[in-house]
């Protein structure tokens, strides 16, 4: 078999099998002390690794489970029903990867893992000596790195201008003054995924005007990376969608391979770059890059580190979501992430490690609360932890314009040789962001013709296509302070049958109330954008009853909306003309009457 390998990870003799109890059994392999879960039901067995699919946490028995089939992750309280291998918290989310259970003739059993051959091991190349200046890695800003690899220059995830996630994220670091020129003269660009801190519309608009034919490489995700930009003013003519796990040869010495994320394979990717046999691993934002199977002992590894890239819990209110609860939750989550990243780096043993892709700030004055609440890990803290737990790994905390000469750094990993600081005159942190320019662009959608007709609501949610889920959502358009606006809409959507009632239905149902900044919400509606701009961009406030995460709902609106934007021209052709302002006001007052608790 060329594409699949088998590995026995745990063996039990007949006596050990007979001692297995009905329900959940936790077992460790004596050789490597790895943990497994075996579920027994009437002499039938299912098994999996004791490893949460989310971020690799260990499961324990869920004391709230009465059936004896559910385990709970110690990291984020995800719950797995081992009898079905389905996650029940969050519901409707993932399936756990199973191990094969092979029964032996002597009454024993063994757990067998079926694994693809690690693709980077195909066509192996022996490392060649690197000359000074031959391989240089320059930090630009956030997730943007420039790699000089012999005669080629490779750019990662260029976000150099404007905000990301609507108006929620802004660059913390000032890119070098020549960053845009360097981008436009690069030989190739890798964009890891569609999130706007990696696929930056303002940045790529400039690139498309100056060099539209630059080679850009993206992974073959089910959600096309460029789905939105293809409908915009960004016209780039040399976008290459490449399969996962296949070397892409650029020249005699340079090649790269894109890998998918194990948790979000529909959109997240990471990359291995190899030059003269030396590997650079960039896991970017992947939650479990390549399902946790990654090359060890690479020369340079880069990954995110900061946390805080989610609306939860900063944008939630009511019930337990008071500031003290949020502060404690965030503190614990950042600590867990710090330890997880340090453990991952230690397990992979790169020769050099660099934390990046976390240098953003909620800089707009209207988001001061988020900025103050949403504390993040520092790169210095992560590197200090790695230095403590794995002192043999060299760490690099980059600043804009700082350069790592890989050849020099590998010769003497014990000191700072090969690392050049930014020029003394370089500006490190941004202190202005052109807020009005970008916020005004978003707010221009407020006056779009479609919003004169309340039936845009039905048209939009029918286009979105989410239904058959017992959830009622109230959506309220607000100002920057999340106060209702006189000309904003306030409506209910019943996703069980995709209806739009004027009051909550009498049946038992889950309920979520979402307050959205009117400019951002309407921009998303007009352009058919994913709701990440609202949720990850901190552009809404959310309360829910009961207090559970509806994975199926959020996953649809954050990753599965139709690729083609709504046909608003068709909509306007179908709706009757507005008769007068009184008619419009009456329609809105009727719609707002759905604001019933």
- Item | Contour minus Cα-Cα distance for residue 369 and residue 6 (0.36 nm per residue) | 125.5 nm
- Radius of gyration and maximum dimension Dmax of region 476-532, Cα, Å: 12.8, 34
- Item | Dimensions in Å of region 234-335 - Rg and Dmax from alpha carbons | 18.5, 61
- Note on the structure: Mean Cβ-within-10 Å packing, highest first, puts peptides 119-126, 213-220, 201-208 in the order 201-208, 213-220, 119-126
- Task: Give, in whole angstrom and from largest to smallest, the semi-axes √(5λ) of the equivalent ellipsoid of region 438-592, with λ running over the eigenvalues of the Cα gyration tensor.
- Result: 23, 18, 17
- Take every DSSP beta bridge whose two residues both sit in region 438-592, then give the antiparallel share in percent to the nearest 5. 60
- Task: Report the extension gain between residue 244 and residue 548 in nm, rounded to one decimal, defined as 0.36 nm multiplied by the number of residues separating them, less their alpha carbon distance.
- Result: 106.0 nm
- With both partners inside region 184-294, how many of the DSSP beta bridges are antiparallel, as a percent to the nearest 5? 70
- Taking the Cβ-Cβ separation of residue 185 and residue 33 as r and a Förster radius of 51 Å, what is the calculated FRET efficiency to the nearest 0.05? 0.50
- Query: Can you give the helix-only mean residue ellipticity at 222 nm for the chain, where every DSSP H stretch with n ≥ 4 adds -39500 (n - 2.57) and the sum goes over all residues, rounded to the nearest 500 deg cm²/dmol?
  - Reply: -6000 deg cm²/dmol
- Separation between the residue 266 and residue 470 pseudo-spin-labels, each 7 Å from Cα along Cα→Cβ, expressed in nm? 2.3
- Note on the structure: Mean separation of Cα contacts under 8 Å (at least 6 apart) over the residue count of region 4-116, i.e. the relative contact order in percent, is 30
- Message: Counting C-alpha atoms alone, how compact is region 4-116: give Rg to one decimal and Dmax as a whole number, in angstrom.
- Response: 13.7, 40
- Would you calculate the separation in nanometres between label points at residue 331 and residue 455, each defined as 7 Å from the Cα along the Cα-to-beta-carbon direction? 5.5
- Enumerate the residues in region 8-29 having an amide nitrogen under 20 Å from the point lying 7 Å beyond the Cα of residue 61 toward its Cβ. 16-29
- Task: Between residue 427 and residue 447, with labels modelled 7 Å along Cα→Cβ, what's the label distance in nm to one decimal, could you check?
- Result: 3.2
- FRET efficiency for residue 297 and residue 77 from the Cβ-Cβ distance with R0 = 25 Å, rounded to 0.05, comes out at 0.15
- Query: Taking other Cβ within 10 Å of each residue's Cβ, how do 246, 298 sort, fewest first?
  - Reply: 246, 298
- Sequence ranges 361-369, 432-440, ranked by mean other-Cβ count within 10 angstrom, highest first: 361-369, 432-440
- With an 8 Å cut-off on Cα pairs and a minimum separation of 6 or more residues, tell me the relative contact order of the chain in percent. 12
- Query: Using a ≥ b ≥ c from the Cα gyration tensor of region 115-249 (square roots of the eigenvalues), is it rounded, prolate or oblate, where a/c under 1.5 gives rounded and otherwise the larger of a/b and b/c decides, a/b for prolate?
  - Reply: oblate
- Please give the contour-minus-distance gain from residue 414 to residue 251: 0.36 nm per residue of separation, less the Cα-Cα distance, rounded to one decimal in nm. 55.5 nm
- Task: Of the DSSP beta bridges with both residues in the chain, give the percent that are antiparallel, rounding to the nearest 5.
- Result: 75
- Message: What's the whole-number percent of alpha carbon pairs in the chain lying beyond 32 angstrom?
- Response: 52
- Task: Using R₀ = 35 Å, calculate the FRET efficiency as 1/(1 + (r/R₀)^6) where r is the Cβ-Cβ separation of residue 121 and residue 177; round to 0.05.
- Result: 0.25
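Where a number appears in this text, it was derived from the coordinates with a stated rule and is not lab data. Predicted, not measured: the structure shown is a model, and the values here were computed from it. Reconstructed Cβ throughout: ideal geometry from the backbone, glycine too, with neighbour counts over all protein chains shown.
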